[in-house]
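Student: Below is one structure. I have some questions about it.
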Amino acid sequence: MVHENRPNVLRNSKLEKLVFRRRLYIAICFVLVCFVFAYIRLYQLTVVQYSSLLNSAQQNQLRLLPINPSRGLIRDRNGEILARNEPYWSLSYTPELAEDKEFVFSWLLENDILDQEGLESLKDQASRSQTFIELPITVLSEEQTAIFAVDRHKLPGLDLNENLFRYYPYGSLTAHVVGYLGAISPNDASRLDLTNYIPNTRIGKSGLELNQENVLHGNLGRTAFVVNSRGRVVREAASQPPEEGIDPNSLYNVSATQGEALELTLDIQLQELAYSLFGDFRGAVVAMKPKTGEILVLASNPTFDPNLFSRGISQQDFDNLLNDQAKPLFNRAISGTYPPGSTIKPFLGLAALELGVIDVDTAHFCNGSFSLPGSTHEYRDWLDTGHGLTDVSRAIARSCDVFYYQLSTQLGIDNISSFLKPFGFGGSQDFGIGKPQIGILPSAEWKQAYFRNGKDQAWFPGETVITGIGQGYFLSTPLQIAIAASILANKGKYVPPRLINGMTDAYGEFHLAPFGEGYQLSFSEHNVQTIFDAMNMVTHSNTGTAYSVFRNDINQIIGKTGTAQVVSIAQGEDYDEESLKEVLRDHGLFFGFAPMTDPEIVVVVIVENSGGASRLAAPMVKSIIDGYFLDTNSAEINSLVVNNAQ
């Protein structure tokens, strides 16, 4: 039974309306807040972050193909090319374009382009790559390139790609100067801007190629392509001006900038002449112009063919070079250290004159040996019978050891060291080819720093004696002797050595290489002339140690012979060259410059295990200086090379 007049206590419409309004307000506020956030985010995306997001979107649809720059050429002083870039062809495969894949694969096998293992590797790459991706196959020989050119119309999917490799026309003659290229290794990351290289780029590994890498390499270029969502190239990127705020490098094709070309001071004809004189002997030659510091010859024998490295050297060839006992990879001219032997005598003679220890008339009697006071140990002269009464000029001309034993004890090791240091002994000169060895200029201070054991740190008088003839701890490089000889030839003026004359940039403009700072040593003109006259006696007096070589000299060559002992000879024993293994025989050294009145060229030659200097080193110096004064553009110097090679 329903009671119509009974009040409905279960509903409260007023309260329901209030709750409804509150929920509506909350919903409206929530929607408004969401709208505000959405608007703010939309504003950020369409206004604030527009440029960066547009750039990112364009990057997603762009593919940048790097373009390697052409490496800079290297030329000698006369414009002869020492390093250039040669084209070679490589073969690539694009699966999508191949109409008959099996025919393509069989052709690769039949023409020895790939072996079975290589073919399987190519198939595996193709199966794992998108079909429109170009896959590199191999480098082709000239014969293989010709075969492909004939069959190309039957082989869609295969294509030729032109590449460049480094070629050295003079091969082994410039290996230690120009250097060679190799693949980028993890150790190269610290010295290179890797963003300017693509992974397969070959970079300098030695010589100028290494030390002038930043100059020779150039700048990477790019070709930009528009691709679809699958990565397929649709078209080349547009080249219209970019909108403000967009990185132009991502939209534009950027041309590669070729590396700068180097012009060297080297004379390749003199270099070739120097190598032709070595024969099978090991050694080094350095020739310089003392007035300018220009290096004309920098030769180290034996040498190697840098072209072996241009496209990747085989492991066997590399192992052969590394394990060769003659060390063909070793640059003896700047890194080989040898006792300077008697080539040091003109410098010590000048030291004694300058310091007032002797004068031009001071003479010592040489009976063939010398002993320190209170000692029975004999320091022998190379001439058993002795040279008799000997002054400084005769001592240089005849290379009297006893005179210099006496002279070195009078000078003392500290005076010897301090006088020779400004001549470049014990120092290093970086002239663009790498930091040379510093050798050893011995002194009491050096010995104390070099040895850790206190007993070994003391300097003994006998060590001063043998330093006086360029033996003992004394070690120098051929380059150091050449620098010292140049200073002497300049009568005290030091001009830093240089191998790079200048660079030609990508726009064809030539720029001179920066010059190092020189200095002037102050010597008495009379004392220098005394040494010059003594060195002239070496080559032109019938008592001189090199007279037999220079008796017919027409270029006023003066110089000094030197012999560097490899093994010590015990007291009472004689040096018997024939009984010794070749590697234990003395080194022959000679430095000379010409003409005496106004020196234009300095030449230093070291021939390992060749015996006395007059045997090979002095004749080599004469031939190189004679070659310099010939017209190097004529056939005369070439005939010298041919005659020496026969």
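Student: Looking only at residues that are more than 23 Å from P461 (Cβ to Cβ) and open to solvent by 30 Å² or more (accessible area, probe 1.4 Å) in the range 428-449, which one is modelled with the highest pLDDT?
Tutor: I438
Student: Right, something else. Mind listing whichever residues of the range 556-576 are modelled with pLDDT of 95 or more and part of a loop (DSSP other than H, G, I, E, B)?
Tutor: Across the range 556-576, the qualifying residues are Q556, I557.
Student: For the range 378-397, give me each residue that is closer than 20 Å to T539 by Cβ, open to solvent by 40 Å² or more (accessible area, probe 1.4 Å) and touching a strand residue (DSSP E or B) at 6+ places or on another chain (Cβ under 7 Å).
Tutor: The one that is closer than 20 Å to T539 by Cβ, open to solvent by 40 Å² or more (accessible area, probe 1.4 Å) and touching a strand residue (DSSP E or B) at 6+ places or on another chain (Cβ under 7 Å): D391.
Student: Between a first residue in the range 358-370 that is farther than 20 Å from P461 by Cβ and a second residue that is surrounded by 12 or more Cβ atoms within 10 Å (Cβ to Cβ) and charged (D, E, K, R), which pairs have beta carbons less than 6 Å apart while being 6 or more apart in sequence or on different chains?
Tutor: Close Cβ pairs satisfying both conditions: A363/D391; G368/D381.
Student: Here's a follow-up. Consider the range 273-317. How many of its residues are outside any loop (DSSP other than H, G, I, E, B), within 29 Å of T597 (Cβ to Cβ) and open to solvent by 10 Å² or more (accessible area, probe 1.4 Å)?
Tutor: So the answer is 2.
Student: Related question: List the pairs whose first member sits in the range 447-460 and is touching a residue at least 24 places away in the same chain (Cβ under 8 Å), whose second member is basic (K, R) and not in a loop (DSSP other than H, G, I, E, B), and whose Cβ atoms are under 8 Å apart, counting only residues at least 6 apart or on separate chains?
Tutor: As it stands, the answer is W459/K447, since those pairs meet every condition given.
Student: Given S418, S375, which one is assigned to a loop (DSSP other than H, G, I, E, B) and either within 19 Å of H526 (Cβ to Cβ) or open to solvent by 20 Å² or more (accessible area, probe 1.4 Å) (or both)?
Tutor: From the options S418, S375, the qualifying one is S375.
Student: Next up: Can you name the residue in the range 450-471 that is of a type in the set (V, I, T) and outside any loop (DSSP other than H, G, I, E, B) and is also surrounded by the fewest Cβ atoms within 10 Å (Cβ to Cβ) among such residues?
Tutor: I466
Student: Is the range 345-353 home to any residue that is open to solvent by 10 Å² or more (accessible area, probe 1.4 Å) and at pLDDT 95 or above?
Tutor: Yes, because at least one residue in the range 345-353 is open to solvent by 10 Å² or more (accessible area, probe 1.4 Å) and at pLDDT 95 or above.
Student: Report, by residue number, each residue of the range 323-339 that is farther than 26 Å from Y473 by Cβ and surrounded by 24 or more Cβ atoms within 10 Å (Cβ to Cβ).
Tutor: Result: no residue meets the conditions.
Student: Look through the range 258-272, keep the residues that are in a helix (DSSP H, G or I) and not hydrophobic (A, V, I, L, M, F, W, C), and return whichever of them is farthest from T504 (Cα to Cα).
Tutor: E272
Student: Residues being within 20 Å of the chain's Cα centre (by Cα), assigned to a loop (DSSP other than H, G, I, E, B) and not polar (S, T, N, Q): count how many of those fall in the range 472-498.
Tutor: Qualifying residue count for the region: 2.
Student: Consider the range 48-79. How many of its residues are modelled with pLDDT under 70 and open to solvent by 80 Å² or more (accessible area, probe 1.4 Å)?
Tutor: Residues meeting the conditions: 4.
Student: Here's something else I'd like to know. Within the range 487-514, work out how many residues are hydroxyl-bearing (S, T, Y) and surrounded by 16 or more Cβ atoms within 10 Å (Cβ to Cβ).
Tutor: Looking only at that region, the number is 2.
Student: Those residues that are of a type in the set (G, A, S), open to solvent by less than 20 Å² (accessible area, probe 1.4 Å) and under 36 Å from the mean Cα position of the chain (by Cα), I need them from the range 515-553; list them, please.
Tutor: The answer is A546, and nothing else.
Student: Mind checking whether some residue in the range 98-107 is surrounded by 13 or more Cβ atoms within 10 Å (Cβ to Cβ), at negative phi and under 41 Å from the mean Cα position of the chain (by Cα)?
Tutor: No, the range 98-107 contains no residue that is surrounded by 13 or more Cβ atoms within 10 Å (Cβ to Cβ), at negative phi and under 41 Å from the mean Cα position of the chain (by Cα).
Student: Give the range 499-524 a look and list any residue that's touching a helix residue (DSSP H, G or I) at 6+ places or on another chain (Cβ under 9 Å), under 21 Å from V297 (Cα atoms) and assigned to a loop (DSSP other than H, G, I, E, B), or say none.
Tutor: Selection gives L499 alone.
Student: Which residue pairs have Cβ atoms under 8 Å apart, sit 6 or more places apart or on different chains, and have a first residue in the range 428-442 that is on the phi > 0 side of the Ramachandran plot and a second that is crowded, with 21+ Cβ neighbours inside 10 Å and among the small types (G, A, S)?
Tutor: G434/S206; G434/G207; G439/S476
Student: Taking only the range 169-209 into account, find how many residues are among the hydrophobic types (A, V, I, L, M, F, W, C), touching a Leu at 6+ places or on another chain (Cβ under 9 Å) and in a helix (DSSP H, G or I).
Tutor: Residues meeting the conditions: 5.
Student: Are any of the residues in the range 38-46 modelled with pLDDT under 70 and not in a loop (DSSP other than H, G, I, E, B)?
Tutor: Checked the range 38-46: at least one residue is modelled with pLDDT under 70 and not in a loop (DSSP other than H, G, I, E, B).
The values are calculated or read from the model by the stated rules, or taken from the named source; none is laboratory data. Owing to the predicted nature of the structure, the values given are computational and were not obtained by experimental measurement. Here Cβ is always computed from backbone atoms with ideal geometry, including for glycine, and neighbour counts include all displayed protein chains. Note: areas computed on protein heavy atoms with side chains; ligands, DNA, RNA excluded. Shrake-Rupley method; radii C 1.70, N 1.55, O 1.52, S 1.80 Å.
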